[in-house]
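Enquirer: Submitted below is the structure of interest, expressed as structure tokens.
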Amino acid sequence: MRLWRRAVPVALVSVVLFPALAQQPAAGPSSTPPQNSGDKKTIKSKVREVLLDVVVTDGKGTPVPGLRQQDFSVFEDGKPQPIDSFEVHHAASELPKLNLKPLQIPILSTNTFLNVPTPHDNLPLTVLLYDLLNTPIDDAPFAHKEVVKFLTNKPAGRFAIFVLTDKLHLLQGFTDDEQALVRAMNDKKTGPYKSPVYQSQGEEHLGSSVLASDPHAQELAGLMGRLEDNARNFLLTRRVERTMEALADIARFVNGLPGRKNLIWLSGAFPATILPGSDPASSFGGSASSGSDPFGTSVSYSTELRQAADLLTVGQIAVYPVDIRGLMTNPVFAASENDPTAGTSMAQRLREFQERLGDEHDTMDKIAEDSGGHAFYNTNGLEKAIATGMDDGTNYYTLSYSPTNTKFNGGLRRIRVALNQKGRHLSYRRSYLADDDSVFAERKANAPAGHLEAALRRGAPAIHELAFGVHAAPQGWPVAVSQEQIAQLVQFPAFASQKKWDTVQIQRYSVDFAVLGRQIDFAPAGDGARHAMLEFLFAAYDAEGNSMVGQRSLDEETLSSRDFAQIHKGTYRVRQLFEIPSNAAWLRLVVHDARTDRIGAMEIALPLAAEGNRVTNAAPR
């Protein structure tokens, strides 16, 4: 259908897209609306539901299919809980759940894009975190080679790639395109990187031999040792802080996206101090409480850890830590470490290495266990380890229960799931925070906006609740930014610290939307007329993924019975004009049916190709 409803100008006249929203609840209540009938009393009920994704594997690590609800038992703080719902997830059975059948995409004209479902849309989302911050520089080439090898022949599913160096970088948003993923892993950000806060085993023992008969030298050596301990403690603190920030940022990245998500954390070291209650100084034989930490550098991470862990939990994110060092050899046996003048004995260094490695593997196991994932270490089969994590993440069972303990005061609740079969291993999250009503009410109020924010996020997967197509084209040439536009751009992260604006230019784009009419909810408006209420949103991002500009606009219209009949059989069309910084690298487009809260979303790489002679104005066709 060639009928265009209207041309909607969209300029830089809005405030920032959306505020940072509260996380979604791990265990959320639903309310039964009050029922009033005459003098009958109003009955209100409140039910909290806890969701559990449970992976069940046999002794060989193979997922176990065919289990039923009665095979499982759930306990909270040791008390049995009735199971309210049960759902089976299996990779081979996900495709029939798509709302629309995957379409054969035709050859499209220049700058024309379709938001259509694929066979992978209902498979879990997988995030690869390539952690160079915690990885010795010598181990990175092996890890990089193994990751590229895996991606070249990856299993079906949608992947996103982050790299952690001095900060967290999004290399590739969610895609099932193998070539795009391999290109992302070959980005310069994944090249050689020496972490400023990571010390190798050899760097941590720089002392020299001390004559036992020289008390002054011993005293000096002791002071130097304490200074080195506190320096290492400081660096370790920075590592832990940055690592926790990265995990929390990834949790926020997938916040608002439905279903289970897998986080495969590829690292060369997992600081034991990332666990609650640990003490950074204890890794070096001292603690603040024992008095061997005179500079008071011990740091409590309890608040930050709780926040990061809560974000992972409520986001249904299972963590799969993978030690990319593979089969390790104790570095004290390396030729470069065989220094007879070293101040620390070989036996002591061997003991410290073994203790540290054991602590790191305990950390990996704990993180995986608490989130429902699985840890992999002491193996050179990195490809197999990642594939196993993928297999677990696409074959699992979802249980739900309503806690019998109705006192929600923010306390930690412990969960245990049992199976009536022996020889099985169960992976699931082991706890949740029983937030009070005020916390939940805030989260529930933010949930609809959170859904939109997730759809607009750079790198998020395409969403096909609403299928639509767009044709976008640049209009005219880039022009200098105006003072009015500057006043709006400074509200966005990409321009928050911008001082000089003479190099900033604005490019106008004409974007034609065509939404499949039968998906839209049209409300009766009398005399056969129908009322539509659609929102059109966009967000532009720079190459680093920083938000540059965004807008949401409401297209509300009452259609005659004739127009409704035509659109219902065809498409609902709207043209919008976007003004975007000319150096934008990505454009995120979202269509939202405000009546049903259904969403369609797609992402387009910028800049777009010019089509013939550029024009300064374009009238609706």
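Computed from the coordinates by the stated procedures, all read-outs in this text should not be read as laboratory data. The structure presented is a predicted model; accordingly, all values stated were derived computationally and were not measured. Neighbour counts are summed over all protein chains in view; Cβ atoms, including those assigned to glycine, are modelled from backbone coordinates with ideal geometry.
Enquirer: Highest mean first, what order results for 63-71, 252-260, 515-523 on Cβ atoms within 10 Å?
Expert: Per-residue mean Cβ counts within 10 Å order the peptides as 252-260, 515-523, 63-71.
Enquirer: OK, next. Say R0 is 45 Å: what FRET efficiency, to the nearest 0.05, do Glu484 and Glu178 get from their beta-carbon distance? Each step should come with its number before you reach the end.
Expert: Values: r = 45 Å, r/R0 = 0.99.
Efficiency, from the Cβ-Cβ distance: 0.50.
Enquirer: At what distance in nm do the modelled label points of Glu241 and Thr503 sit from each other, each positioned 7 Å from its Cα along Cα→Cβ?
Expert: Result for the modelled spin labels: 3.0 nm.
Enquirer: Please compute the modelled spin-label separation between Asp84 and Glu355, points set 7 Å along Cα→Cβ, answer in nm with one decimal.
Expert: 4.8
Enquirer: Once all Cα-Cα distances of the range 495-621 are split into 5 Å bins that start at 0, what whole-number percent is in each one?
Expert: 2, 9, 17, 18, 16, 13, 11, 7, 4, 2, 1, 0
Enquirer: What list do you get for Thr126, Thr175 if you sort them by fewest beta carbons within 10 Å?
Expert: Values: Thr126 24, Thr175 19.
Fewest to most other Cβ atoms nearby, the residues stand as Thr175, Thr126.
Enquirer: Another one. In nm, what is the difference between 0.36 nm times the number of residues separating Glu49 and Ile107 and their Cα-Cα distance?
Expert: Going from the current span to full extension adds 16.3 nm.
Enquirer: Going by how many other Cβ atoms sit within 10 Å of their own, how do Arg562, Arg552 line up, fewest first?
Expert: Arg562, Arg552
Enquirer: With labels modelled as points extended 7 Å from the Cα through the Cβ direction, what inter-label distance (nm, one decimal) is found for Asp527 paired with Glu369?
Expert: In this crude spin-label approximation the distance works out to 7.1 nm.
Enquirer: So, with +1 on the Cβ of K and R and -1 on the Cβ of D and E, and no other charges, what is the size of the charge dipole of the range 466-621 about its Cα centre, to the nearest 20 debye?
Expert: 280
Enquirer: Okay, next question. What ranking do Met244, Met390 get, fewest neighbouring Cβ atoms within 10 angstrom at the top?
Expert: Placing the least packed residue first, the sequence is Met244, Met390.
Enquirer: Explain nothing, just the number: dipole magnitude of the range 450-546 about its Cα centre with +1 on each Lys and Arg Cβ and -1 on each Asp and Glu Cβ, in debye rounded to the nearest 20.
Expert: With only Lys, Arg, Asp and Glu charged at Cβ, the dipole is about 180 debye.
Enquirer: A further question on this structure: Say the cut-off is 26 Å between C-alpha atoms; which of Lys189/Lys261; Lys60/Lys366; Lys149/Lys366; Lys366/Lys407; Lys145/Lys366; Lys188/Lys499 go over it?
Expert: Listed pairs above 26 Å: Lys149/Lys366; Lys366/Lys407; Lys145/Lys366; Lys188/Lys499.
Enquirer: Shifting gears a bit: Ile317's amide H: which non-local residues (gap 5+, or another chain) put their own amide H closer than 5 Å, with H modeled 1.01 Å from N in plane and none for Pro or chain starts?
Expert: When sequence neighbours closer than 5 places are left aside, the close amide H contacts are Lys261.
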